[in-house]
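Some notes on the structure that comes next.
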Amino acid sequence: MDNNSSIEIETKSLNENQKDYISWDDLFMATAFLMAKRSRDPVTQVGACIVSSDHKIVGTGYNEMPTRCCDDSFPLGKDKFDKLNDKRTYICHAELNAVLNTNSISLQKCIIYVSLFPCNECAKIIIQSGIKNVVYCKYKNNNRRHKNENMASEIMFMTSNVNCRSYTPKQNITLEFKTTREPEKLQINADESETQIVLTNETTLEPVYDIIYNISSIETETKSLNENQKDYISWDDLFMATAFLMAKRSKYHLPEVGACIVSPDNKIVGTGCNGIPTTCSDDNFHEHYKLIDTRMYICHAEMNAVLNKNSISLQKCIIYVSHFPCNECAKIIIQSGIKEVVYCTNEDETEASKKMFKASGVDFRNHTPNQKITITFR
Ligand SMILES: O=c1ccn([C@H]2C[C@H](O)[C@@H](COP(=O)(O)O)O2)c(=O)[nH]1
């Protein structure tokens, strides 16, 4: 390949590709709105996303009943005459959950993105946690800013030097999940003294869902859904959507890849997309060094998600990836202690990765959300 043509191709595809590229503000506000899709509050679904000064997600949350307080035995409506029968008595707000869900020792200098302006109770929690910036999308009660509880929050933020600004992404974000057929199926012959790997040409249409998750969750999840919760999404959909959202920060059409690592208790502990190392400025790097093969410089989404982690250990974590990991990423995943890979598409040569995953006891499965997920900022 001659140098000039490859430079041209690369620069061209970078420009064309940046149509979909999103800002940090868009990314984190979209993550907050995505989280809100897990809320079972029939009236107002709120999401929050806490981000460190180096753009790592360190906490997420949505409004829900306290953990293990089964939604069906708690009211989802209001009753101003009977506090015991009023959802407000029990529901933990999105901000509270995001702050308490964090894997980071300190939230000093962090930013919290919230779909709704924080109420006075959440303002107290935000201030005491050390968060220094609040980015919100709208006010509750038809955007009535001058409601008492909003005023109280504003006064407390102002006197505590917590910066507060409103931000609404200009357009909705739609995440489309490409589905592909598995090119080959891996079989392990358990009878052989040495593990024998057979590649067959049988093609099956994924997804294969995590049976354990579904069985335990169906009972509680389906029963409490109501009319207003058409948008409600499963954990698998949420985290795959987060991986695809991350991919929108990639400037590389190789393709754009996103990854999201999740702890056993469903906390996001790392995210990433493919890109050149952080310290190499994206915009000048190609032209400056007249790169022949950009792929040599690209850090893959999986590598970035693992190295971006805000948890000491990734033992027993799950990594959600838009594309099946290559062999280099498979090594990183295995060595990091991650125990499961959930992928959406599998277009590339991944035999070596599969062989290593199998031998190392890392499970892998496909998950493709049934339909596209649209994040609407309203
Ligand atoms: O700062 C806030 C304010 C409210 N919420 C949650 C609490 C409730 O679940 C809903 C509000 O329900 P309404 O029926 O609209 O009063 O929003 C929050 O998470 N954070």
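Read the figures in this text as sums done on the coordinates, not as results from a lab. Keep in mind that this is a model prediction, so the values were computed, not measured. Cβ: placed from backbone, ideal geometry, glycine included. Neighbour counts: every protein chain shown.
Using the Cβ atoms and a cut-off under 15 Å, what net charge is assigned to the surroundings of Gly337, where Lys and Arg are +1 and Asp and Glu are -1? Don't skip to the end; give the middle numbers.
On the way: positive: Lys309, Lys316, Lys331, Lys339; negative: Glu302, Glu340, Asp363.
Every neighbour counted, the sum reads +1.
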Rounded to a whole number, what is D in µm²/s for region 27-140 from Stokes-Einstein with the Kirkwood radius over alpha-carbon pairs (37 °C, 0.692 mPa s)? 231 µm²/s
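Given a Förster distance of 25 angstrom, what is the FRET efficiency for Lys138 paired with Arg365, based on the Cβ-Cβ distance and rounded to 0.05? Intermediate results must be reported in sequence, preceding the final value.
Values: r = 38 Å, r/R0 = 1.50.
E(calc), rounded to 0.05, equals 0.10.
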Where labels lie 7 Å past Cα in the beta-carbon direction, separation of Cys280 and Ser166 in nm: 4.2 nm
Whole-Hz ³J(HN,Hα) from phi, Karplus 6.51 cos²θ - 1.76 cosθ + 1.60, for region 25-42, glycine and proline x: 4, 4, 4, 7, 5, 5, 5, 4, 5, 5, 4, 4, 5, 8, 6, 9, 5, x
Note the full-extension length gain between Thr174 and Gln128 as 0.36 nm times their separation in residues minus their Cα-Cα distance, in nm to one decimal. 13.0 nm
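Compute the FRET efficiency between Lys372 and Lys316 as 1/(1 + (r/R0)^6), taking r as their Cβ-Cβ distance and R0 = 22 Å, and round to the nearest 0.05. Don't skip to the end; give the middle numbers.
On the way: r = 30 Å, r/R0 = 1.38.
Computed FRET efficiency for Lys372 and Lys316 comes out at 0.10.
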Lys and Arg at +1, Asp and Glu at -1: add these up for the other residues within a Cβ distance under 11 Å of Ala94 and post the number. -2
Extended-chain gain in nm, criterion 0.36 nm per residue less alpha-carbon gap, Lys78 and Asp25: 15.7 nm
In nm, spacing of pseudo-spin labels at Val43 and Arg68 (7 Å Cα→C-beta vector): 2.9 nm
Under the rule of at least 5 residues apart or a separate chain, name every residue whose amide H is placed under 5 Å from the amide H of His323. Gly258, Cys344, Thr345
Once the convex hull of the alpha carbons of region 263-363 is built, what does its volume come to per residue, in cubic angstrom? 108 Å³
Would you calculate the convex hull of the Cα atoms in region 243-285 and tell me its volume per residue in Å³? 71 Å³
